[in-house]
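Report on one structure; see the data block that follows.
The values are calculated or read from the model by the stated rules, or taken from the named source; none is laboratory data. Model, not experiment: these values are computed from the prediction. Please note: Cβ atoms are built from the backbone with ideal geometry, for glycine as well, and neighbour counts cover all protein chains shown.
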Amino acid sequence: MERVDFRKTGKMISPVGVGTYYDPSWIAMAKLTGIRKDRERRTEAIRTAIESGINFIDTAEMYETEPMVRDAIENTKREDLFIATKVLPSHYSYDKLINSCEKSLKKLGTDYIDLYQLHMQSSNEKIKDALRAMEYLADQGKIRFIGISNFDLEHTKMAKEWLKKYDLASTQMNFNVAHRNIESDIVPYCKENNIAILAYFPLAHGKLTSASDNGKKIIEEISKNHGPKTLPQIVLNWFISKYDFVYPIPRASNPDHVRENAGAMGWRMNKDEIEMLEDAVKEIKATTWFGDHTT
Ligand SMILES: NC(=O)c1ccc[n+]([C@@H]2O[C@H](COP(=O)([O-])OP(=O)(O)OC[C@H]3O[C@@H](n4cnc5c(N)ncnc54)[C@H](OP(=O)(O)O)[C@@H]3O)[C@@H](O)[C@H]2O)c1
């Protein structure tokens, strides 16, 4: 069970997490009718993540999956877990954000959230208000770390500056071996400022899970050096081999996939292997079916 020190804070997390966003129609149905399609299987997938050594779970008030996270974690010691959730921009005012946090705590069945993230960018005034509320929640011990998501570099810098008492702990961005645009700005800034990056769409929404002939050669090569590996494992391992502050959060809905993805931990590729993989995927156009849309 691999653990790494989250931003050198002493909080030990698995370098690969698990995400719980499904799709807009799933969310709409859950919101409108309370029916969470395949709830048991998806909850089982989160539980499988924990059993497979993943202690880092990403959810959001928007996803309607916080109650499933609660069910999945009920038999695990709270201090052994790292729970990240997010608040929507429509709740970026002091009172509304505190209210959202209380609701998330209740849905998650916990006294505190490890990482509370502003889900998307908004107006400067709203972000400032939201960060003020975040600091109040951190003072109260209701949240441990403050993060953002989908902020451009300029707003990432501003968010860091606007926090008075606490550090900006993390950002969450669309990032994978075939979609690396943040490597030119956000990644170096985060490295320099000890800000963790949670990589969403780490498998390019599933596009990086099946291998072309070129991909098969890479799998063979890497498996020769590290024991049998699959493409999802290699693509997820890319983050943790290349960076010690970037954590992929592939989603859980199929327990078999989750078990497989846990096999991305516990080993590292060398520089040549990383470059070989990057070269091989250069041709793949990994735009997702809804582009850079944020969820
Ligand atoms: N902050 C944001 O705005 C934002 C935006 C998007 C996502 N997120 C977070 O990031 C997480 C990941 O994003 P995502 O779920 O859209 O994309 P993803 O993890 O890149 O891809 C998920 C897709 O890959 C499939 N998959 C996963 N493991 C696999 C395996 N081992 N073999 C074959 N297929 C596999 C999944 O199928 P199954 O579901 O059948 O396993 C699903 O279709 C979300 O769950 C959410 O927590 C955040």
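Could you please let me know if residue 203 is crowded, with 21+ Cβ neighbours inside 10 Å, touching a Ser or Thr at 6+ places or on another chain (Cβ under 6 Å) and more than 17 Å from residue 4 (Cα to Cα)? Considered against the rule, which asks whether it is crowded, with 21+ Cβ neighbours inside 10 Å, touching a Ser or Thr at 6+ places or on another chain (Cβ under 6 Å) and more than 17 Å from residue 4 (Cα to Cα), residue 203 comes out as yes.
A single member of 90, 100 is within 16 Å of the ligand (Cβ to nearest atom) and in contact (Cβ under 8 Å) with a residue 24 or more places away in the chain, and it is 100. Hey, residue 284 hits all of (1) at pLDDT below 95; (2) within 15 Å of the ligand (Cβ to nearest atom); (3) part of a helix (DSSP H, G or I) but one; which does it fall short on? Only one criterion is unmet by residue 284, namely (3). Only one of the listed residues (81, 97, 108, 115) is of a type in the set (A, V, I, L, M) and farther than 25 Å from residue 53 by Cα. That residue is 97.
Return the residue satisfying two criteria in turn: it lies in the range 147-168 and is within 15 Å of the ligand (Cβ to nearest atom) and surrounded by 15 or more Cβ atoms within 10 Å (Cβ to Cβ), and of such residues it is farthest from residue 123 (Cα to Cα). Restricting to residues being within 15 Å of the ligand (Cβ to nearest atom) and surrounded by 15 or more Cβ atoms within 10 Å (Cβ to Cβ), the top hit is 147. Counting only helices (runs of 4 or more DSSP H) that sit completely within the range 170-265, those holding 3 or more residues that are free of Cβ contacts under 8 Å to residues at least 40 places away in the same chain correspond to 186-192, 213-226, 231-242. Apart from one condition, residue 277 fits all of (1) crowded, with 18+ Cβ neighbours inside 10 Å; (2) within 30 Å of residue 65 (Cα to Cα); (3) more than 14 Å from the ligand (Cβ to nearest atom); the exception is (2). Looking at the range 56-86, which of the residues that are in contact (Cβ under 8 Å) with a residue 40 or more places away in the chain and touching an Asp or Glu at 6+ places or on another chain (Cβ under 6 Å) is farthest from the ligand (Cβ to nearest atom)? Applying the filter and picking the extreme gives 82.
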